[in-house]
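Each remark here refers to the structure printed beneath this line.
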Amino acid sequence: MVSAFDEARGLGVVRADDGSTYPFHCTALADGTRNVALGARVVFSVAAGHGGRYEARGITTLGTS
């Protein structure tokens, strides 16, 4: 689920089912859009990003909750 998103900066946070949170940049949205709704249900993969921190990638929106 998308738990935070700053449209102006293109940065957000997704929360996995286990409660872990991962930051993402809007370029990680698989459909090519630059915006995602707060609360949207998503599936994503996790990969090491800049500085070794894990981030969400390949984010696909399933809908809103």
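Quote the FRET efficiency, to the nearest 0.05, computed for Ala30 versus Arg53 with a Förster distance R0 of 22 Å and r equal to the Cβ-Cβ distance.
Efficiency, rounded to the nearest 0.05: 0.60.
Note down the Stokes-Einstein diffusion coefficient of region 2-64 in µm²/s, whole number, using a Kirkwood radius over alpha carbon pairs, 4 °C, and 1.567 mPa s.
113 µm²/s
Read-outs throughout are calculated quantities, based only on the coordinates presented, and are distinct from any laboratory measurement. Every value quoted in this text rests on a predicted model; they were computed, and no experiment measured them. As a convention, Cβ positions derive from the backbone with ideal geometry for all residues, glycine included, and neighbour counts pool all protein chains shown.
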